[in-house]
């Protein structure tokens, strides 16, 4: 499956819009199985991400078409870079969910270890419970809690990847334990574990090939220097200069307009996904702050309801 590198976020205005959007996205996911679609419950946003091969114009038109066809009122973001989250060290973490209410009691307790996986390995869940048949019965719910929490993101609302999660222990109550309690306990454990394991953001980096007339080469290089760019090499064939560079996808929105302005529309460029690199700390802080603000807005909306 091609890596999703760009996304659009949708925020339905009403419960009816949310219901209609859910129905529309189920149909869309069957038609376009390469799309990455999920709901971030922390911010009440639906995320639709796609690969560079599909492109941000295609994604924008696709979302607009869904909105029109199903008559959905929703706030739509501009296309943005689709980051990933991962960790740099391993930790051991407990998660407990204990509740007493008029409808009954709940008890779930898990112990898991997490460690970084190889780049591109995704999320791997392993159960190493020994002689614990009752806990093993809840392993599927525990795995589901881990995967759903990682899908919605922990650091900044982006999927957690390249992570190995090992279930090593836990405890249960004969009467109060159930699948949902263990799912919640697992969600608590993985969220706390990732926060302690030196979490970082990863960003998609594109291989960009640009062809311009040689007399505007310096201006184009100056533009690339402002985009956290790494120029691999330059080539020349007569009056045409070719630049091959690596540029973060987040810096490429609006690049065509800037390039046309500098070259008087006498240029061309193409790009393809290359790899994921760690995001600089200053940009990470900005992305995390924006995510926290969206979470706060969502919580305030819940209180108003």
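A few points about this structure:
- Any hit, the range 222-235, residues being surrounded by fewer than 20 Cβ atoms within 10 Å (Cβ to Cβ), in contact (Cβ under 8 Å) with a residue 24 or more places away in the chain, out of contact with any strand residue (DSSP E or B) (no Cβ under 6 Å at 6 or more places or on another chain) and not in a helix (DSSP H, G or I): no
- Across the range 56-88, the number of residues qualifying as over 30 Å from residue 116 (Cα atoms), touching a residue at least 40 places away in the same chain (Cβ under 8 Å) and under 21 Å from the mean Cα position of the chain (by Cα) comes to 9.
- For residue 216: the one exception among (1) in contact with a helix residue (DSSP H, G or I) (Cβ under 7 Å, 6 or more places away or on another chain); (2) over 20 Å from residue 55 (Cα atoms); (3) surrounded by fewer than 18 Cβ atoms within 10 Å (Cβ to Cβ); (4) free of Cβ contacts under 8 Å to residues at least 40 places away in the same chain: (4)
- The residues of the range 256-305 that are at pLDDT below 90, loosely packed, with under 11 Cβ neighbours inside 10 Å and assigned to a helix (DSSP H, G or I), listed by number, are 300, 302, 303, 304.
- Considering each residue of the range 254-264 in turn, at least one proves to be within 26 Å of residue 158 (Cβ to Cβ) and in contact (Cβ under 8 Å) with a residue 12 or more places away in the chain.
- Subset of the range 169-219 (residues that are part of a helix (DSSP H, G or I) and modelled with pLDDT under 95): 214, 215, 216, 217, 218, 219
- Test: residue in the range 28-43 that is over 21 Å from the mean Cα position of the chain (by Cα) and part of a helix (DSSP H, G or I): yes
- Residue list for the range 34-44, restricted to those being modelled with pLDDT of 90 or more and more than 15 Å from residue 6 (Cα to Cα): none
- Single unsatisfied condition, residue 21 versus (1) surrounded by 20 or more Cβ atoms within 10 Å (Cβ to Cβ); (2) not in a helix (DSSP H, G or I): (2)
- For the range 89-101, the count of residues that are within 19 Å of the chain's Cα centre (by Cα), touching a residue at least 12 places away in the same chain (Cβ under 8 Å) and not in a strand (DSSP E or B) is zero.
- Subset of the range 236-255 (residues that are loosely packed, with under 11 Cβ neighbours inside 10 Å and touching a strand residue (DSSP E or B) at 6+ places or on another chain (Cβ under 6 Å)): 239
- All positions within the range 54-88 that are loosely packed, with under 12 Cβ neighbours inside 10 Å and outside any helix (DSSP H, G or I): 71, 75, 78, 88
- Here is the figure for the range 102-139: residues that are closer than 19 Å to residue 159 by Cβ and assigned to a loop (DSSP other than H, G, I, E, B) total 6.
- Pair list, Cβ < 6 Å and 6+ apart or interchain, from the range 273-302 residues that are under 21 Å from residue 42 (Cβ atoms) to residues that are assigned to a strand (DSSP E or B): 279/201; 279/203; 284/201
The values are calculated or read from the model by the stated rules, or taken from the named source; none is laboratory data. Keep in mind that this is a model prediction, so the values were computed, not measured. When we count neighbours, we look across all protein chains shown, and the Cβ atoms used for this are built from the backbone with ideal geometry, even at glycine.
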